[in-house]
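Chemist: Handing you this structure, nothing more for now.
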Amino acid sequence: MSEPRSISQTLCALLPLVTRPEKQRFLGMLCLTIAMALIELSITGLVALLAAVFGSLEAALNHNPLLWVRTSLGFDLTNDSRYLALGILCAILLSIICKNALTVVQQWHMTAFSEAIGNAARAHLLRFFLRAPFLWVLRVGTSDMLFGFSAGQKLGQTLLTALQIFSNTLMILTIFLGLITVSPVPALAFLGVLGVGGYLIVKATRGLLNVKANAVYRADLDTHNIQQTVVHGLKEMRLYGRESAIFSVYTAKLKDVLIAKKWFQALSRLPVGSLEILGFASLIGVLSLLIFVQNAGIATISGIMGFMAAAAWRTLPVANRLVDSLTQLRSSLPYLNKIADTLVLEKELEADLTPSFETAAPLLLFEKSIRFEDVSFRYPGHAVAVLHHLDFTIKSGQMLGLVGLSGAGKSTLVNILSGLIPPESGHLLVDGILINRNNARSWLQRIGYVAQAPYLLDASLAENIALSRWGGVIDRERVLECCRMAALDFIDELDNGIDTILGERGVRLSGGQAQRVAIARALYSEPELIIFDEATSSLDIKNEKAIHDTILTLREKVTMVIIAHRLSTVESCDSVIWLDKGSVRVTGSVEEVLPEYTAALCSSMEQVLPGSLVGAEVERHV
């Protein structure tokens, strides 16, 4: 997380999420809140006046605000306390009806405002993740991104809490101003003690609440990460028998969450209880001031104390809700900081973001060649470059093999070839046009990609194949054509053909079948280049041969780059590039490259394996 922010600083950091219509809605809510506060003030005054009428009618008639009504407006009020009390009660009822009607309207607009901002935050996060530099995505990881969405979900409720704080604060201030107007000296004494005491209480507990709120956040983040590990690595956890270990760690983290929340909730009650005690203690102080300092009579005391008691009766519950809301807001502060940090990061990465996907990508054709021109690359924070001065050409329609030991830089080369990451130096040219952040999306649309472990949706076969055009209408004829091209000979065995649901991660398919689905998916978008990123390395010999035969059927129909784990996969390529420690060691025909690469492979195996295992390991690669 970034440097700690106060609540006001965090809310200010989130202002870019507030659109112009929502700002206008906020101004409307401000006017509505002021009206409700004035009604609340009138209810407080009327309740105090009702108490005065029942105590002494003469004192009530000569005390504000009835004295002002009689003298300024010329109203001759009845001397019968019964009718006056009835009129006051009717006025209180009318005020309460108006206040509650406005409360419903206010709540509707507050919820609409807060949820609109919450939705805007989640949409903004998704837009940023979709446009963020791929290097940043690789560094941050999916778990952190998903937790960002979880934080975004809290924003709506947190903003609603902040609006309630604003509304309650304005209401309390209005009532206090009314107190000062009616009786300045006692009111200022009351407010001074209450205000200073309340500030000291909040200040004393704020640090502890921040510590516990951050503890809850960290424990929540830890449990989230464990959940992600279980969801994505359940098979491995079971295979290695780590269920008990991960369950123990998870329950321990849940215990940490429980302890942190217990402390936070317990500490959060201190300001509320202290404020209530302080409020009534202040009333005792005001009464003592009136008796021992001002030597006021019982009529004066009853009028002032009646109004103050009514004010305390109306404001203390509001003050308690205010403190509760502040506590709740403080508990959400780390999550809001997560969103604010993302907004700050977005500004820092603005120059590296891909263009907005609502804008049309410039047309980019691939008819002649792809050129790596003196390309080098170093990951941020790493001292050693991964790729060094790569210089080669891939001709249109060519079938190019790419071989090299682990760590040679093959995956990084593919990321640059596809336009996902830019070279640190040098250029990637397609038909002489430089690939950069402005046209990378157009270039990606020309590419099909088959991974070693393709991602399969828990959806139908047709939806999985049409993933490259996700969100559009599925062309079923095109799906069937791609199935034929990718040799999906198992469709007739599925219950509902291409409408069969494949299950989580394609659980209903074998490894070879999943790879063929990935090939069909790559073909669906009619690419000009298909990258096979070690697409057969996890398959047995039989399935590898079947996939290899499928690849051969695509020859001369589309340009192919094949990153191979087994050398037999690239034996049919037009040319082969041997990548060694980030540099092109040899490039040429299969006959020129593979014998030398095989010899180097044997030599490297002899250095790390016993002699009896070298032959078997080389055989596995060949």
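The values are calculated or read from the model by the stated rules, or taken from the named source; none is laboratory data. Please read these numbers as outputs of a predicted model, since none were measured by experiment. Here Cβ is always computed from backbone atoms with ideal geometry, including for glycine, and neighbour counts include all displayed protein chains.
Chemist: Collect the residues in region 563-583 that are modelled with pLDDT of 85 or more and within 41 Å of the chain's Cα centre (by Cα), keeping them in residue-number order.
Modeler: Passing the criteria: Ile563, Leu579, Asp580, Lys581, Gly582, Ser583.
Here's the yes/no breakdown for (1) under 32 Å from the mean Cα position of the chain (by Cα); (2) in the same structural domain as Lys338 (by TED's automatic domain parsing); (3) modelled with pLDDT of 80 or more; (4) surrounded by 18 or more Cβ atoms within 10 Å (Cβ to Cβ):
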| residue | (1), (2), (3), (4) |
| --- | --- |
| Ile117 | yes, yes, yes, yes |
| Gly152 | yes, yes, no, yes |
| Leu179 | no, yes, no, yes |
| Pro186 | no, yes, no, yes |
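Chemist: Please go through (1) more than 30 Å from Leu15 (Cα to Cα); (2) modelled with pLDDT under 75 for Thr229 and return the number of the only condition it doesn't satisfy.
Modeler: (2)
Chemist: Part of a loop (DSSP other than H, G, I, E, B) and either over 23 Å from Trp578 (Cα atoms) or at pLDDT 85 or above (or both), is that true of Asp489? Steps first, answer last, please.
Modeler: Details: part of a loop (DSSP other than H, G, I, E, B): yes; either over 23 Å from Trp578 (Cα atoms) or at pLDDT 85 or above (or both): yes.
Considered against the rule, which asks whether it is part of a loop (DSSP other than H, G, I, E, B) and either over 23 Å from Trp578 (Cα atoms) or at pLDDT 85 or above (or both), Asp489 comes out as yes.
Chemist: Which of the residues that make up region 460-473 are surrounded by fewer than 16 Cβ atoms within 10 Å (Cβ to Cβ) and more than 20 Å from Arg131 (Cα to Cα)?
Modeler: Gly472, Val473
Chemist: Can I ask one more? Go through region 400-428 and report how many residues are surrounded by fewer than 21 Cβ atoms within 10 Å (Cβ to Cβ), among the hydroxyl-bearing types (Ser, Thr, Tyr) and in a loop (DSSP other than H, G, I, E, B).
Modeler: Residues flagged as surrounded by fewer than 21 Cβ atoms within 10 Å (Cβ to Cβ), among the hydroxyl-bearing types (Ser, Thr, Tyr) and in a loop (DSSP other than H, G, I, E, B) within region 400-428 amount to 1.
Chemist: Can you tell me which residue is farthest from the chain's Cα centre (by Cα) among those in region 1-43 that are in a helix (DSSP H, G or I), closer than 20 Å to Ala112 by Cα and among the polar types (S, T, N, Q)?
Modeler: Filtering region 1-43 down to residues in a helix (DSSP H, G or I) leaves 7-13, 15-17, 20-43.
Now restrict to residues that are closer than 20 Å to Ala112 by Cα: 11-12, 15-17, 20-36.
Now drop any that are not among the polar types (S, T, N, Q), which leaves 24, 33.
Numbers: Gln24: 26, Thr33: 31 Å.
The extreme case among them is Thr33.
Chemist: Ok, one more. Can you name every residue in region 546-567 that is surrounded by fewer than 16 Cβ atoms within 10 Å (Cβ to Cβ) and not basic (Lys, Arg)? Quick ask: steps written out before the conclusion?
Modeler: Here is the first cut: in region 546-567, the ones surrounded by fewer than 16 Cβ atoms within 10 Å (Cβ to Cβ) are 549, 552-553, 555-557.
Result: Asp549, Leu552, Thr553, Glu556.
To keep it simple, each residue is scored yes or no on (1) crowded, with 17+ Cβ neighbours inside 10 Å; (2) under 23 Å from Arg555 (Cα atoms); (3) in contact with a strand residue (DSSP E or B) (Cβ under 8 Å, 6 or more places away or on another chain).
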site	(1), (2), (3)
Arg476	no, no, no
Ala486	yes, yes, no
Ile491	no, no, no
Asp499	no, no, yes
Leu502	yes, no, yes
Ala514	yes, yes, no
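Chemist: Out of the residues in region 430-444 that are surrounded by 16 or more Cβ atoms within 10 Å (Cβ to Cβ) and closer than 17 Å to Met560 by Cα, which is modelled with the highest pLDDT?
Modeler: Across region 430-444, the extreme among qualifying residues is Val430.
Chemist: Still on this structure, please answer the following. When Gly148 is evaluated against the numbered criteria (1) modelled with pLDDT of 75 or more; (2) surrounded by fewer than 18 Cβ atoms within 10 Å (Cβ to Cβ), which criterion, by number, is the only one it fails?
Modeler: Tallying (1) modelled with pLDDT of 75 or more; (2) surrounded by fewer than 18 Cβ atoms within 10 Å (Cβ to Cβ), Gly148 fails exactly one: (2).
Chemist: Across region 199-217, what is the number of residues that are closer than 16 Å to Lys262 by Cβ and either buried (at least 17 other Cβ atoms within 10 Å of the Cβ) or among the polar types (S, T, N, Q) (or both)? Lay out the reasoning, then the answer.
Modeler: To start, the set of residues in region 199-217 that are closer than 16 Å to Lys262 by Cβ comprises 205, 208-209, 211-217.
Now narrow it down to the ones that are either buried (at least 17 other Cβ atoms within 10 Å of the Cβ) or among the polar types (S, T, N, Q) (or both): 205, 209, 212-217.
Looking only at that region, the number is 8.
Chemist: Looking at Glu367, Glu348, Glu358, which one is touching a Ser or Thr at 6+ places or on another chain (Cβ under 7 Å), at pLDDT below 90 and among the acidic types (Asp, Glu)? I'd like the intermediate steps shown before the answer.
Modeler: Details: Glu348 fails: touching a Ser or Thr at 6+ places or on another chain (Cβ under 7 Å); Glu358 fails: touching a Ser or Thr at 6+ places or on another chain (Cβ under 7 Å).
One residue alone meets the criteria, Glu367.
Chemist: With in the same structural domain as Val47 (by TED's automatic domain parsing), at pLDDT 70 or above, closer than 20 Å to Thr44 by Cα and surrounded by 12 or more Cβ atoms within 10 Å (Cβ to Cβ) as the only criterion, which of Arg314, Arg321, Arg242 stands out?
Modeler: On the way: Arg314 fails: at pLDDT 70 or above; Arg242 fails: closer than 20 Å to Thr44 by Cα.
From the options Arg314, Arg321, Arg242, the qualifying one is Arg321.
Chemist: I'd like the residue in region 429-441 that is in contact with a strand residue (DSSP E or B) (Cβ under 6 Å, 6 or more places away or on another chain) and part of a strand (DSSP E or B) and, out of all such residues, is nearest to Leu353 (Cα to Cα). Break it down stepwise before answering.
Modeler: Going residue by residue through region 429-441, those that are in contact with a strand residue (DSSP E or B) (Cβ under 6 Å, 6 or more places away or on another chain) are 429-430, 434-435.
Then keep just the ones that are part of a strand (DSSP E or B); that gives 429-430, 434.
On the way: Leu429: 20, Val430: 21, Leu434: 17 Å.
Ranking the candidates gives Leu434 first.
Chemist: Looking only at residues in region 533-558 that are of a type in the set (Asp, Glu) and not in a helix (DSSP H, G or I), which one is modelled with the highest pLDDT?
Modeler: Here is the first cut: in region 533-558, the residues of a type in the set (Asp, Glu) are 533-534, 540, 544, 549, 556.
If we keep only those that are not in a helix (DSSP H, G or I) too, we end up with 533-534, 540, 556.
Values: Asp533: 84, Glu534: 79, Asp540: 64, Glu556: 73.
So, considering only residues that are of a type in the set (Asp, Glu) and not in a helix (DSSP H, G or I), the one modelled with the highest pLDDT is Asp533.
Chemist: Would you confirm whether or not region 374-385 contains a residue that is outside the structural domain of Leu163 (by TED's automatic domain parsing), in contact with a Phe, Trp or Tyr (Cβ under 9 Å, 6 or more places away or on another chain), closer than 30 Å to Val590 by Cα and touching a residue at least 60 places away in the same chain (Cβ under 8 Å)?
Modeler: Checked region 374-385: at least one residue is outside the structural domain of Leu163 (by TED's automatic domain parsing), in contact with a Phe, Trp or Tyr (Cβ under 9 Å, 6 or more places away or on another chain), closer than 30 Å to Val590 by Cα and touching a residue at least 60 places away in the same chain (Cβ under 8 Å).
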